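What follows is one structure encoded as structure tokens, with my remarks underneath.
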Amino acid sequence: MNRIAIITIISFIFFSCEEKKTPPTPPVPVNLYTVKAQKVLFYDEYPATTVALSQVDIRPEVQGYITGIFFTEGSTVKKGQKLYEIDKRLYQANYDAALANVKVAESNQKQAQQDADRYTYLNEHNAVAKQVLDHAVIALQTAKDQVRAAQEAVKTAQTNLAYSIITAPFDGTIGFSQVKLGNMVSVGTTVLNTISTDAPMAVDFLINEAQLARFQQLEKNKQKQIDSLFTIILPNHSVYAGIGKISVIDRAVDPQTGSVRVRLVFPNPDHSLRAGMSCVLRVHNQDGSPQLVVPGRAVVEQMGEYFVFVAKDTVLHSSDTASKKTADTVATPKLRAFQNKVQMGQTIGANVVIKSGINEGDKIVVDGIQAIHEGAEINASSKPLGGDKKTGGDNKKDSTR
């Protein structure tokens, strides 16, 4: 009896100490998306600034007090329109004096001419000393030089008098006046105002040197460009109606930043574009070939690289399970998730273009990514993909821009 009890106890202890098997991890529920190639419309975007094609600071050419202002600040002015007047009384007096000096010099020249003619006649009859004739000829030349000097003084006085009236150098918009009536202005240092052209309006932006060849090709093939190749988004987030064209690509690459400045020109008939505005330049994608587009939430970033989880029906072998299998055991494939490194393209709303790393027809995980790892067993959920309708809406919105 004791022997049977002892055997029973020993058997119980033996089976109790046997290692318990860990229950298998259940598949992770996920949502899958089938990758499809489709034609997409998207834009490359660049921060840009509107720039006037011509802009100058108006500075005085003569010194004096401001005696007249003849424009409305912020208005459009025409070339040659009178803008400012500097006290011209002194310059008028100098001009009148210069004219009088010309008359005096001309009278002296006339007298010197008569003396030279008289002494020349007398010299021909040996009735005057040669030295007297020489002095008369020199005096005549001096009188002629004095006339020319007086005439140049008239030009200078006339120019200074003209500079006392300041006019618009070209058609454009004038800004706030920096001086008021009665202010003293100095030559070359005082800024009276700034005037800039309005139509057309330039838009400047920077590109990476790696993109230079693309824009040079666009500049050469202007006739083959689509109408909406260059558009801008204004600060109020509206799309400007005008279409731009490449005007200038800068002569050199900035060695500090590796960037190149590009200038576009946009029509501006209603003057809605003002110099100095910040905007976003959109460059229409001209690649008409189908692209692989996936929801952006399917992409995982790790250390600056991008990955997606691709679902595959496969058998995952391990050394333990392989040793325990018998010859007549057949492994059943299971749906598992595996990471694929991808190259990102343009972001289009909630979607993103994938340039490489996956193929059309692949099934990728879009929901439940946080709960899976490499080789994890997954279970495709039957519920509709979250955000599919929103994603489709974003695509449609982009395609109609």
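The values are calculated or read from the model by the stated rules, or taken from the named source; none is laboratory data. Predicted, not measured: the structure shown is a model, and the values here were computed from it. Note: ideal-geometry Cβ built from the backbone for every residue, glycine included; neighbour counts use all protein chains shown. Just the protein is used for accessible areas: all its heavy atoms, side chains included, with ligands, DNA and RNA removed. Shrake-Rupley method; radii C 1.70, N 1.55, O 1.52, S 1.80 Å.
List pairs: first residue in segment 160-175 and farther than 7 Å from VAL77 by Cα and touching a residue at least 40 places away in the same chain (Cβ under 8 Å), second residue in a helix (DSSP H, G or I) and of a type in the set (Phe, Trp, Tyr) anywhere in the structure, Cβ distance under 9 angstrom, at least six positions apart or on different chains.
The qualifying pairs are ASN160/TYR91; ASN160/TYR95; LEU161/TYR91; LEU161/TYR95; TYR163/TYR91; SER164/TYR91.
Is it true that GLN131 is loosely packed, with under 15 Cβ neighbours inside 10 Å and of a type outside the set (A, V, I, L, M)?
In short, yes.
Is it the case that THR120 is within 30 Å of ARG274 (Cα to Cα), open to solvent by 30 Å² or more (accessible area, probe 1.4 Å), out of contact with any Leu (no Cβ under 6 Å at 6 or more places or on another chain) and not in a loop (DSSP other than H, G, I, E, B)?
Working: within 30 Å of ARG274 (Cα to Cα): no; open to solvent by 30 Å² or more (accessible area, probe 1.4 Å): yes; out of contact with any Leu (no Cβ under 6 Å at 6 or more places or on another chain): yes; not in a loop (DSSP other than H, G, I, E, B): yes.
Considered against the rule, which asks whether it is within 30 Å of ARG274 (Cα to Cα), open to solvent by 30 Å² or more (accessible area, probe 1.4 Å), out of contact with any Leu (no Cβ under 6 Å at 6 or more places or on another chain) and not in a loop (DSSP other than H, G, I, E, B), THR120 comes out as no.
Condition first: touching an Asp or Glu at 6+ places or on another chain (Cβ under 6 Å), polar (S, T, N, Q) and under 24 Å from PRO269 (Cα atoms). Now tell me which residues in segment 25-58 satisfy that.
Of everything in segment 25-58, just one residue is touching an Asp or Glu at 6+ places or on another chain (Cβ under 6 Å), polar (S, T, N, Q) and under 24 Å from PRO269 (Cα atoms), namely THR49.
Give me a count of the residues in segment 252-265 that are surrounded by 17 or more Cβ atoms within 10 Å (Cβ to Cβ) and touching a Ser or Thr at 6+ places or on another chain (Cβ under 8 Å).
Matching residues across segment 252-265 total 3.
For every residue, the table says whether it meets (1) assigned to a strand (DSSP E or B); (2) open to solvent by 80 Å² or more (accessible area, probe 1.4 Å); (3) modelled with pLDDT under 75; (4) among the hydroxyl-bearing types (Ser, Thr, Tyr).
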site: LEU281; (1), (2), (3), (4): yes, no, no, no
site: GLY288; (1), (2), (3), (4): no, no, yes, no
site: GLU301; (1), (2), (3), (4): yes, yes, no, no
site: LYS312; (1), (2), (3), (4): yes, yes, no, no
site: HIS317; (1), (2), (3), (4): no, yes, yes, no
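How do the pairs read when you match residues in segment 33-58 that are part of a strand (DSSP E or B) with residues anywhere that are modelled with pLDDT under 90 and of a type in the set (Ser, Thr, Tyr), using Cβ under 9 Å and keeping only pairs 6 or more apart or on different chains?
So the pair list comes out as ALA37/SER289.
Just give me the residues in segment 59-88 being more than 21 Å from HIS271 (Cβ to Cβ), in contact (Cβ under 8 Å) with a residue 60 or more places away in the chain and in a loop (DSSP other than H, G, I, E, B), in sequence order.
Kept after step one, since they are more than 21 Å from HIS271 (Cβ to Cβ), are these residues of segment 59-88: 59-70, 82, 84-88.
Filter again for in contact (Cβ under 8 Å) with a residue 60 or more places away in the chain, leaving 59-69, 82, 84-88.
Within segment 59-88, ARG59, PRO60, GLU61, VAL62, GLN63, ASP87, LYS88 meet the criteria.
VAL365: under 43 Å from the mean Cα position of the chain (by Cα), in contact (Cβ under 8 Å) with a residue 60 or more places away in the chain and closer than 24 Å to MET303 by Cβ, yes or no? Break it down into steps so the answer makes sense when it comes.
Values: under 43 Å from the mean Cα position of the chain (by Cα): yes; in contact (Cβ under 8 Å) with a residue 60 or more places away in the chain: yes; closer than 24 Å to MET303 by Cβ: yes.
So VAL365 passes the test.
If you go through segment 181-195, how many residues are open to solvent by 50 Å² or more (accessible area, probe 1.4 Å) and part of a loop (DSSP other than H, G, I, E, B)?
4
Mind checking which residues of segment 370-401 are modelled with pLDDT under 85, over 35 Å from the mean Cα position of the chain (by Cα) and under 19 Å from VAL35 (Cβ atoms)?
Once the filter is applied, which keeps residues that are modelled with pLDDT under 85, over 35 Å from the mean Cα position of the chain (by Cα) and under 19 Å from VAL35 (Cβ atoms), segment 370-401 yields ALA380, SER381, PRO384, LEU385, GLY386.
Name the one entry in GLN141, GLN178 that is open to solvent by 20 Å² or more (accessible area, probe 1.4 Å) and part of a helix (DSSP H, G or I). Walk me through how you get there before you give the answer.
On the way: GLN178 fails: part of a helix (DSSP H, G or I).
Among GLN141, GLN178, only GLN141 is open to solvent by 20 Å² or more (accessible area, probe 1.4 Å) and part of a helix (DSSP H, G or I).
Somewhere in segment 65-72, is a residue open to solvent by less than 30 Å² (accessible area, probe 1.4 Å), at pLDDT below 90 and more than 30 Å from ARG263 (Cβ to Cβ)?
No - not one qualifying residue is present in segment 65-72.
Quick check: anything in segment 256-267 outside any loop (DSSP other than H, G, I, E, B) and of a type in the set (Gly, Ala, Ser)? Spell out the reasoning first.
Taking segment 256-267 and keeping what is outside any loop (DSSP other than H, G, I, E, B), we get 259-266.
Subsequent filtering for residues that are of a type in the set (Gly, Ala, Ser) retains 259.
Yes, that holds for at least one residue.
Considering (1) loosely packed, with under 12 Cβ neighbours inside 10 Å; (2) outside any helix (DSSP H, G or I), say which one LYS103 fails and leave the rest.
The number of the failed condition is (2).
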